[in-house]
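Shown next, in structure tokens, is the structure this report addresses.
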Amino acid sequence: MSTTQRIKGFADMFPPESDAFTRMENTGREIFARYGFVELRTPILEFTELFQRSIGEETDVVQKEMYTFPDSRGRLMTLRPEATAGVMRAYAESGLAGREGVSRLFSCGPMFRHERPQKGRLRQFHQINCECLGSASPFADAELISMLLHFFRALRLSGLTLNINSLGCAVCRPHFREALLRYLQSLDPAALCEDCSRRMHTNPLRVLDCKQASCRAVVEGAPRLLDSICPDCAEHFSTVQKLLDRQGHAFALDHRLVRGLDYYCRTTFEVVSSQIGAQTAVAGGGRYDGLVKSLGGPDVPGVGFACGMERLALLLDAPSPAPLDFYLVALEEEGGLQGHALAQTLREAGLRGEMNFSRASWKSLMRQAGKSGARYCLILGPDETARGDIVVKNLESGEQNTLGQDTVCHFLQTGTIHD
RNA sequence: GCGGAAGUAGCUCAGUUGGCAGAGCACCUGGUUGUGGCCCAGGUGGCCGUGGGUUCAAAUCCCAUCUUUCGCCCCA
């Protein structure tokens with residue numbers, strides 16, 4: 001195996017995918033700013049302990065998916081598997097958490113999870129994250145979800161479905177968990193699939209999410225979260241739904257929607273697409289009221305989402321790149337000298353263009369010009385350089401004119417010869 | 001971590017009783033002394049993923065390995 005090759009699950013990104021990423025980031029920045037979000041950039045590397053404490057020791061992410069290794073002093077470091085923990089850490093550490101008010105934070109960048117790659121899943125992948133900290137109000141939940149849908153609309157995406165659920169809080173969830181466990185244990189042990197028999201003990205809520213037909217049948221008869229959450233949680237969830245309704249957002253209640261990270265409580269949601277392979281979730285998030293406190297910060301509530309950029313990119317139509325304004329064909333030494341200076345002048349005037357570096361034949365250079373997709377070919381041969389002229393050829397129509405070099409810029413900008 | 005499929009030219013892929021390495025597209029040159037696209041003619045380009053094995057002979061059969069890909073688990 002060559003050492004000069006990509007690491008498995010780590011991708012190089014060329015256009016159009018790299019263009020799609022730029023577009024997602026720019027669109028996100030613009031939309032989120034309308035809601036008062038500011039950009040936060042946090043480090044990619046954090047102490048392992050941060051993720052263990054925030055995501056949860058028992059989760060798959062922490063148990064088997066993190067890139068963890070010791071630094072030179074033997075402290076365990078981890079490449080972040082998700083963004084929220086780092087954002088919380090920065091929030092608490094900066095002192096923002098101690099101040100009054102609500103903080104709305106947007107961030108994006110690479111995350112790392114050591115999993116088997118497949119469609120829509122890489123070991124280095126990218127997320128756009130938004131976190132709204134400092135408010136326990138259902139208005140915060142609804143605003144965040146509305147903003148996410150706004151973002152998707154701005155990217156002209158369709159065919160997406162919003163699912164929501166409530167997981168209850170620290171008070172009512174344990175009761176539900178026990179009720180569910182009692183129900184599962186009362187069943188014939190063969191009723192559940194192998195995974196769920198195991199999950200029943202590690203994280204019984206995940207059984208609700210199993211895709212196996214047998215388990216789904218079992219789940220139909222199981223107690224439901226929404227029937228057992230406490231009045232405060234029910235009120236909160238009801239308000240979130242009311243707010244989404246008033247804005248005309250369609251959503252589906254999904255009582256099986258259980259997120260895999262321990263810190264979620266109350267509202268959870270995800271946006272799914274059926275067009276991106278087996279991994280259907282494009283974005284997911286929820287409320288995580290105890291998280292900052294569990295990291296040693298003040299008791300500040302929060303709600304946030306993560307949006308998978310690779311998965312989003314699968315849904316974006318490839319934007320056709322803007323064509324070059326000119327391709328300059330320079331012949332012989334003097335053509336190269338004059339052309340180099342002219343091309344620079346044109347670019348500084350805002351035009352986009354390339355020129356040939358090599359001294360090839362006419363035919364070859366004209367072919368280069370044609371392939372470049374430029375609107376105009378500018379030709380500087382011996383005849384033109386001697387007179388200070390330049391040939392301007394419209395590559396689409398084939399029409400061409402000879403102009404003075406000092407008028408080309410105006411022509412390319414306006415399409416007319418006279419000023 | 002577990003399972004299926006696949007690795008042959010820059011790209012998409014043909015290539016079985018085991019017998020000289022192929023096509024289309026792309027690229028280069030010419031047909032046209034200084035004019036691209038269409039057309040015509042010619043040309044460059046391959047350790048057939050890698051390492052072993054079987055054989056007179058392996059792209060082809062066997063083993064291992066790496067990579068990609070689609071799923072499972074889980075997540076964005």
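Rounded to the nearest 10 degrees, the angle from helix A:362-372 to the longest Cα principal axis of chain A is 30 degrees. In this structure the amide hydrogen of A:Cys172, modeled in the peptide plane, comes within under 5 Å of the amide hydrogens of A:Cys230, none closer than 5 places in sequence on its chain.
Dipole magnitude for chain A: computed about the Cα centre from +1 point charges on Lys and Arg Cβ and -1 point charges on Asp and Glu Cβ, it is near 1080 debye. One decimal place: the segment A:Arg34-A:Thr407 gains 130.0 nm when fully extended, by the rule 0.36 nm per residue minus the C-alpha distance. Residue order for A:Thr407, A:Thr59, fewest other beta carbons within 10 angstrom first, comes to A:Thr407, A:Thr59. Taking every C-alpha pair closer than 8 Å and separated by at least 6 residues, the mean separation divided by the residue count of the stretch A:326-414 gives a relative contact order of 31 percent. Between the alpha-carbon centres of the stretch A:264-336 and the stretch A:21-38 there is a gap of 10 Å. Highest average first, the peptides A:345-351, A:68-74, A:310-316 ordered by how many other beta carbon atoms sit within 10 Å of their residues are A:310-316, A:345-351, A:68-74.
The relative contact order of chain A comes to 15 percent, based on Cα pairs under 8 Å that sit 6 or more residues apart. Peptides A:10-18, A:169-177 ranked from most to least packed give A:169-177, A:10-18, packing being the mean of other C-beta atoms within 10 angstrom over each peptide's residues. A prolate overall shape is assigned to chain A, the ratio a/c of its alpha-carbon gyration tensor axes (a ≥ b ≥ c) being 1.5 or greater and a/b exceeding b/c. Relative contact order, percent, of the stretch A:208-363 when contacts are C-alpha pairs under 8 Å separated by at least 6 residues? Once divided by the residue count of the stretch A:208-363, the mean separation gives 13 percent.
Counting 0.36 nm for each residue step from A:Thr22 to A:Gln400 and taking away their Cα separation leaves a gain of 132.4 nm.
What is the distance in Å between the Cα centroid of the stretch A:348-419 and that of the stretch A:42-62? What the calculation gives is 57 Å, centre to centre. Taken about its Cα centre, the stretch A:226-313 carries a charge dipole of about 160 debye when Lys and Arg each add +1 at the Cβ and Asp and Glu each add -1 at the Cβ. Could you pull out every one of the aspartates and glutamates with an alpha carbon less than 20 Å from that of A:Lys211, ignoring same-chain neighbours closer than 8 positions? Those aspartates and glutamates meeting the cut-off are A:Asp60, A:Glu115, A:Asp188, A:Glu194, A:Asp195, A:Glu220, A:Asp254, A:Glu270. Distance between the pseudo-spin-label points of A:Lys363 and A:Leu226 (7 Å out from Cα toward the beta carbon): 7.2 nm. Quick one: helix A:138-154 against the long Cα principal axis of chain A, what's the angle to the nearest 10°, folded into 0 to 90? The helix A:138-154 is inclined about 30 degrees to chain A. Seen through its C-alpha gyration tensor, with square-root eigenvalues sorted a ≥ b ≥ c, the stretch A:46-91 comes out oblate because a/c lies at 1.5 or above while a/b is not bigger than b/c.
Overall form of the stretch A:326-414: rounded. Here a/c, set by the Cα gyration tensor axes a ≥ b ≥ c, is under 1.5.
In straight-distance terms, cross-link reach from A:Lys393 covers every one of the lysines whose alpha-carbon lies under 17 Å from its own, apart from those fewer than eight places away in the same chain; here that gives A:Lys363, A:Lys371. Applying 1/(1 + (r/R0)^6) with R0 = 22 Å to the Cβ-Cβ distance of A:Gln5 and A:Phe47 gives a FRET efficiency near 0.10.
FYI, it's all coordinate maths here, none of it is from the lab. Owing to the predicted nature of the structure, the values given are computational and were not obtained by experimental measurement. Using ideal geometry, Cβ is built from the backbone for each residue, glycine included, and neighbour counts are taken over all protein chains shown.
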